[in-house]
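The structure appears below as structure tokens.
FYI, it's all coordinate maths here, none of it is from the lab. Bear in mind that the values here come from a model prediction, so they are computed numbers and not experimental data. Glycine also receives a Cβ, built like all others from the backbone with ideal geometry; neighbour counts cover every protein chain displayed.
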Amino acid sequence: MCGIVGFTGCHQAAPILLDGLSKLEYRGYDSAGIAVRDGEGETEVIKAKGRLKVLSEKTNDGESVPGTCGIGHTRWATHGEPSENNAHPHVSDDGNVVAVHNGIIENYKELQEELAAKGKEPISQTDTEIAAMVIDDCYTGDPEAAIRKAISKLVGAYGFCIIFSDIPETIYAVRNGSPLVAAHTDRGSIIASDMVALVSHTKHYFVLKEGHIAKLTKDEIIVKDENGEVYGPYIHHI
Ligand code: GLU
């Protein structure tokens, strides 16, 4: 399981994502990528095999990818060779769901067959792309309902950050077995797979509980439990 960073706020997201991912490099990885969205525009996805430095160079340290909402990932391949195509973020076949994922979806082959029966084919070899397609397949306008339905089908360990194309400036997150911590600051909302990516932003954070869904916007983070009830997360102080 490698690195996840997500940010939505009133600053450019790409440099924050690249900086956060650099703090997670110690975990090891084979490729990296970011997806950034400028307002209601299309989400731009940039990936690179190898060091984070390659991604930074490709994006001029993030400056060539404008937008205040984005998700980033450093990948340690479990399904599919290390390559630019298999690097995260992954986009669902219709472009509606963009996701980064830490962990392994054990039943992705069965899910892939179900999607194939509906004429939906992935373009990568990853379990993650299948998960993004499953979330999209469950989506009928309510992102939390789609995530909840999708995770009821997924078997395995996961931490996901997800952007829906029709919900700008918003990141959704859910996890099972793979950590995610988040914080709201006066610059916006930030989430990561490890506290080390947050410490330069804040000293106050919370741990997303398994099965809870976090909705991050620039103004706040709302967490809902398994029953869809708002859950006030317990804030830890460093
Ligand atoms: N299983 C996913 C993949 O191979 C995620 C690996 C990771 O946690 O970095 O793409």
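Does Leu154 count as hydrophobic (A, V, I, L, M, F, W, C), touching a strand residue (DSSP E or B) at 6+ places or on another chain (Cβ under 7 Å) and closer than 28 Å to Glu114 by Cβ?
Details: hydrophobic (A, V, I, L, M, F, W, C): yes; touching a strand residue (DSSP E or B) at 6+ places or on another chain (Cβ under 7 Å): yes; closer than 28 Å to Glu114 by Cβ: yes.
In short, yes.
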* Asked: Is there a residue being within 16 Å of the ligand (Cβ to nearest atom) and among the aromatic types (Phe, Trp, Tyr) anywhere in the range 164-174?
  -> no
* Only residues in the range 145-157 that are within 17 Å of Lys209 (Cβ to Cβ) and touching a residue at least 60 places away in the same chain (Cβ under 8 Å) count as the first member; pair them with residues that are among the aromatic types (Phe, Trp, Tyr) and part of a loop (DSSP other than H, G, I, E, B), Cβ under 9 angstrom, at least 6 apart or cross-chain, and list the lot. => Ile147/Tyr139
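Yes or no: the range 123-132 includes at least one residue that is under 21 Å from Cys2 (Cα atoms), among the aliphatic types (A, V, I, L, M) and either touching a helix residue (DSSP H, G or I) at 6+ places or on another chain (Cβ under 6 Å) or in contact (Cβ under 8 Å) with a residue 60 or more places away in the chain (or both). Full working, then the answer.
Initially, the range 123-132 is screened for residues under 21 Å from Cys2 (Cα atoms), giving 124-132.
This time we only want the ones that are among the aliphatic types (A, V, I, L, M), so: 130-132.
Next cut, either touching a helix residue (DSSP H, G or I) at 6+ places or on another chain (Cβ under 6 Å) or in contact (Cβ under 8 Å) with a residue 60 or more places away in the chain (or both) only: 130.
Yes, there is a match, as at least one residue in the range 123-132 is under 21 Å from Cys2 (Cα atoms), among the aliphatic types (A, V, I, L, M) and either touching a helix residue (DSSP H, G or I) at 6+ places or on another chain (Cβ under 6 Å) or in contact (Cβ under 8 Å) with a residue 60 or more places away in the chain (or both).
Condition first: touching a helix residue (DSSP H, G or I) at 6+ places or on another chain (Cβ under 7 Å), of a type outside the set (A, V, I, L, M) and touching a residue at least 24 places away in the same chain (Cβ under 8 Å). Can you find one or more residues in the range 195-213 that meet it? Please lay out each step first, then the result.
We begin by selecting, within the range 195-213, every residue touching a helix residue (DSSP H, G or I) at 6+ places or on another chain (Cβ under 7 Å); these are 196-197, 205, 213.
From what is left, the residues that are of a type outside the set (A, V, I, L, M) are 205.
From what's left, touching a residue at least 24 places away in the same chain (Cβ under 8 Å): 205.
Scanning the range 195-213, I find at least one residue that is touching a helix residue (DSSP H, G or I) at 6+ places or on another chain (Cβ under 7 Å), of a type outside the set (A, V, I, L, M) and touching a residue at least 24 places away in the same chain (Cβ under 8 Å), so the answer is yes.
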* Residues located in the range 70-98, provided they are closer than 22 Å to Ala192 by Cβ, away from the ligand (no atom under 11 Å from the Cβ) and small (Gly, Ala, Ser) -> Gly70, Gly72
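So that you can scan it fast, the table gives a plain yes or no per residue for (1) assigned to a helix (DSSP H, G or I); (2) among the hydroxyl-bearing types (Ser, Thr, Tyr); (3) closer than 22 Å to Ser200 by Cβ:
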| site | (1), (2), (3) |
| --- | --- |
| His11 | no, no, yes |
| Ser22 | yes, yes, yes |
| Tyr29 | no, yes, yes |
| Ala35 | no, no, yes |
| Ser56 | yes, yes, yes |
| Asp61 | no, no, yes |
* Which ones in the range 99-133 are within 28 Å of Leu18 (Cβ to Cβ), more than 9 Å from the ligand (Cβ to nearest atom) and part of a loop (DSSP other than H, G, I, E, B)? -> Pro122, Ile123
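Where residues in the range 37-54 are within 22 Å of Asp166 (Cα to Cα) and in a loop (DSSP other than H, G, I, E, B), which of them is nearest to the ligand (Cβ to nearest atom)? Steps first, answer last, please.
Applying the first criterion (within 22 Å of Asp166 (Cα to Cα)) to the range 37-54 yields 37-46.
Checking which are in a loop (DSSP other than H, G, I, E, B) leaves us with 38-42.
Working: Asp38: 26, Gly39: 29, Glu40: 29, Gly41: 26, Glu42: 23 Å.
Of everything passing the filter in the range 37-54, Glu42 is nearest to the ligand (Cβ to nearest atom).
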